[in-house]
Each structure stands twice: as C-alpha cells, then as structure tokens.
Amino acid sequence: MSQVKAYGAQDKDADLKQIDIERREVKDKDVKIQITYCGVCHSDIHTVRNDWGGSKYPVVPGHEIIGKVVEVGNQVSNFKEGDLVGVGCMVDSCRECDPCKNDLEQFCENGMVGTYNGKDKHLGGHTFGGYSEMIVVEEHFVLSIPKNLDEKAVAPLLCAGITTYSPLRHWNVQEGDKVGVIGLGGLGHMGIKLAHAMGAKVVMITTSPKKAEDAKRLGADEVLISKDEEAMKKHANSFDFLLNTVPVKHDINPYLALLKIDATMVMVGAIEPLEPMHGGSLIMGRKRVAGSLIGGIKETQEMLDFCGEHNVVSDVEVIDMQNINDAYERVVNSDVKYRFVIDMESLRN
Ligand SMILES: [Zn+2]
Ligand SMILES: [Zn+2]
C-alpha cells in the first residue's frame, strides 16, 4: 500500500479538505496512474452532501480522471508506462453476468463498482476517486486518450461525454436527424457538440433566452425557448430524438409534444420523481420515454476515439484543488461554462 494526498469530505456538511488515503500495490492486471486532471461532476456534490443517501465518509469524489501511467502489472497488455489514460465512473464489475458479458458493465447485475463510494474489494471499505494524486485501476476499466486532444478538456468526456454519447448512438441518431437537447449545463453542452459531430440538425431547448448565443457557438443550429408556446407549437411532432439533460424535477409533457410518431425522449439528468406524465402524451403518436446511464467500457473507448476523430472536447474552467469548495457553490448555482476541471498538480505542490 502507499499513502497519497487527496481531497475529501468527512461528513455531509463539511467542506472538502486535504486528507491522506491508501492506494493498493499494483497487482498483475493493475495500472497505476498519476492523475493530472480531474473533472468536477454534479454527482460529486450530490455524494459529498449525501443527497441520494448511503454516502460513505470520507468521500473522495472524482470520476472524470486523466493521468499518466506510472506502473503496470505483469499481465497488463494494453498500457505501458508514460501512456495518457482515463478512468470514468466505474473501476470494477463482476465481468460474469449478462450485462457485463455484453459490454454493459454500468448495468452489472452484481453492481458496478463506482470510482468513488463503491465497495473496495482490495483494501476493504469504499473506493476513493480522482481528487487525489494517484489511483490504481484494473486494466479493463482504463481508457486510452487520443493524443490530438487537449487532455484537461478531455476529462469531462469520461462522464458527461459518455452519458450523452451512449443514448445518441443507442437510439441510432443519423446524419440529418432533428435532435433536441433539453437543458444547457455540463451534460447539455456535450450533447450539442456530439449530436452536431454526428451530423444531426441540433436544436437547443432551454427556458433561458440568454443561453441562445452560447448554444449556437457550441454547435446548435437553432434555439427553442420552451416557455414560448407559439414556438413550441411550431416545432410540434417534428423531432426524431430528444435528449433530456434537465437535472431536477420538471414537467416532461410539453417536450413529448415535440416528438414525431415513434420517436423517443431519453432522460439522462433527473434521478428523482418528475411531475406527473399524461398518458395521452405517449398514446398520441406512439411516443416513448426512456433512460440511459453512462455507457460500457467498450462504448466509452469508442466515444473517446470518436471525439479524437471529430476534435470534440468539453468547455472547461481549470481550477486548483484548493478552490474546490468555491467551485461546488458555483456548480450548484449553474455558474460554470461548462465544467470545472481540477489541475492535480496543485495538490502535489
Ligand atoms: Zn459524473
Ligand atoms: Zn456483472
């Protein structure tokens, strides 16, 4: 075992502070990574503050990890010292159930192991995430980062990127399709960029007219203000696909009216009760509502390679580790364009 510096919270009301954590020795299939950048996801804050219940303390968040390989185990074949790699939301799963065998580790029947607050089978207790100097991860859960991309701006692809890429692919979004992205935050801004890179006609759907200009800069062809009833009527029954990234309770009925016959709206933001849905919103037009959670490891690599080919990265604001508590306040107030990324060098100084 080795002790490394990290940032963690000791209880749900505490600020994050510097603490020491243990990392396991490198085993046969392990990759040891010196972390260079780590993105700040809203889930980090929910876990620190125990918003979803079941948080284990200290919480060391961070599941958008970029770093350099510093050591590999005897049986590691895909990575070597010096490689630029990433780790996303999972560090393990059973590898034996049907979802695991079908490259859907995120839906492992025995529970995928979260990069933080998961069950640590090696050291006991729970896993610690990327707000730390080093991490040791089994090769299967380590990803290759395309060399042409800006590494700090790649970090958010590991969660926000795959969360939006996976449903766009699963529901087979094609060139020329009319795709609506609902909500412009960390997820929404990646949804726009990825749908645009896939050749879709992208409409940003937002309550806030002041986001219009930025949405177009990110790749939206058009902006639809959801509070404008006339505009919403004009777009009725016209969308091939809707990606709903709104992270809080809301009324989905007005959005369902936008879908074509047989088209689907996929929920990726709100893990909580929604306003009641009217059955007629689905029945009239044989419409569908579905959900999606990150993506499997194979698909996450595919997403990174796609981003390498199409030069897609996240819009980021880089911060020092010491400024994380202020950054959390700003994320909660939607005051970031569009993702904070921690420069982990600041923790080593
Ligand atoms: Zn996340
Ligand atoms: Zn499994």
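The values are calculated or read from the model by the stated rules, or taken from the named source; none is laboratory data. Quick caveat, the model's predicted, so the values are computed rather than measured. Glycine gets a Cβ as well: all are built from the backbone with ideal geometry, and neighbour counts include every protein chain shown. All accessible areas refer to the heavy atoms of the entire protein, side chains included, with ligands and DNA or RNA removed. Shrake-Rupley method; radii C 1.70, N 1.55, O 1.52, S 1.80 Å.
Counting only protein heavy atoms and a probe of 1.4 Å, the accessible surface of the chain is 47% carbon and sulfur. Taking θ as phi - 60° and the Karplus parameters 6.51, -1.76 and 1.60, the scalar couplings of region 237-242 work out to 6, 10, 8, 7, 6, 10 Hz in sequence order, x denoting glycine and proline. Remark: the chain carries 44 Å² of accessible area per residue (probe radius 1.4 Å; ligands, DNA and RNA excluded). For q = 0.14, 0.16, 0.19 Å⁻¹, what log10 I(q)/I(0) does region 230-285 give under the Debye formula with an equal point scatterer on each alpha carbon and no solvent? Computed log10 I(q)/I(0) values: -0.36, -0.47, -0.66.
In angstrom, the C-alpha Rg and Dmax of the chain are 20.1, 64. So for the pair residue 11, residue 78, with labels modelled 7 Å out along Cα→Cβ, what separation do we get in nm? With each label placed 7 Å out from Cα toward Cβ, I get 4.2 nm. The helix-only estimate of mean residue ellipticity at 222 nm for the chain, built from DSSP H runs of length n ≥ 4 each weighted as -39500 (n - 2.57), is -6500 deg cm²/dmol after division by the residue total. Largest accessible area first, the listed residues 116, 57 line up as 57, 116 when surface is computed with a 1.4 Å probe on the assembled protein chains.
Cross-linked pairs 80/147; 68/147; 5/119; 101/287; 233/260; 32/147: Cα-Cα separations exceed 22 Å for 101/287. Considering the zone a paramagnetic label at residue 210 would reach in this model (a point 7 Å from Cα along the Cα-to-Cβ line), which residues of region 309-349 have amide N under 15 Å from it? Flagged as within label range: 333-337. Spin-label pair residue 272-residue 238: with each label point 7 Å from Cα along the Cα-Cβ axis, the two points sit 3.2 nm from one another. Note on region 193-238: percent of Cα-Cα distances in each 10 Å bin, starting at 0 and stopping at the bin with the largest distance, equals 28, 51, 21. What the Kirkwood sum gives for region 160-291 is a hydrodynamic radius of 14.3 Å, with every pair of different alpha carbons counted. From the alpha carbon centroid of region 264-286 to that of region 45-83 is 33 Å.
Each Lys and Arg contributes +1 and each Asp and Glu -1, all at the Cβ; summed about the Cα centre of region 160-291, the dipole is approximately 120 debye. The H on the amide N of residue 70, modeled in the peptide plane, is under 5 Å from the matching H of 32, 33, 34, 82, each at least 5 residues off or on a different chain.
For region 1-128, the Stokes-Einstein estimate of translational diffusion at 37 °C and a viscosity of 0.692 mPa s comes to 210 µm²/s, using the Kirkwood hydrodynamic radius over alpha-carbon pairs.
Potential lengthening of the chain between residue 217 and residue 95 amounts to 39.8 nm, from the contour at 0.36 nm per residue minus the alpha-carbon distance.
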